[in-house]
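Asker: First the structure, which I've put down as structure tokens, then a few questions once you've had a look.
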Amino acid sequence: MRKLVLFLFLLLIIKAEAFSQDNSQMNQNLVQFSGVVVTTDSLLPIPFTSIMIRNSYRGTISDYYGFFSFVARMGDTIEFSALGYKRMNFVIPDTLSDHRCSLIQMLAKDTVLLKEVVIFPWPTKEQFKEAFLQLRIPADDIARAQRNLDSDQLGILGAMMPMDGNMNFKYQMEQQSSRLYYSGQLPPNNLLNPIAWSKFIQMWQNGEFKKK
């Protein structure tokens, strides 16, 4: 038992020492990376520049005066990107004697060429006047409502419907009454209704289906 306790105690000491060595080595690689982002032509500060460490989600943005400062590691690749400027990369040297690194990063403007647009004027004032008078001004809400509620148009649409409003209302009420009546139970199945079958056979013998 004593040997087991001694072994576990030595194992914990070795792990703690290795962990402290790793932490000290990581702390030695940390660098306070600071600087300012400016333009290449006039050295004006570029505000709100995105400054990120490649292949990570760590970074910061520059302030209104282009200044930035955050903690990075030696050998990290820093990516600078701003709207309207070309991307630039900077690798923090791994041979720094101090845990500080300063940089003045310059970004060049990214010029985007647009296609040429030619605006042609109207040939004469008379042609412009004629085209303006023939222009159809879109109707307002009241005019559209009056057009949609036209009696002739509503009559044509009503004639095309298989049932009128009164029939639709009665059908809807019958369906709702039937659902409430059979609520909580199975509705009747007309396939097993002998009265329905007798009516079907009688209609078939009378040839009513042929007429349809």
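Any read-out appearing in this document is the output of simple, stated calculations on the displayed coordinates, not a laboratory observation. On a predicted model such as this, the values are computed, not experimentally measured, just so you know. Neighbour counts run over all protein chains shown; Cβ positions are idealised from the backbone, glycine included.
Asker: Considering only region 121-154, how many residues are loosely packed, with under 10 Cβ neighbours inside 10 Å and among the small types (Gly, Ala, Ser)?
Answerer: Kept after step one, since they are loosely packed, with under 10 Cβ neighbours inside 10 Å, are these residues of region 121-154: 121, 123-126, 132-138, 140-142, 148-149, 151-152.
Of the ones still in play, those that are also among the small types (Gly, Ala, Ser) are 151.
Selection size over region 121-154: 1.
Asker: Name every residue in region 92-110 that is out of contact with any Gly (no Cβ under 9 Å at 6 or more places or on another chain) and hydroxyl-bearing (Ser, Thr, Tyr), in order of residue number.
Answerer: Hits for region 92-110 are Thr95, Ser97.
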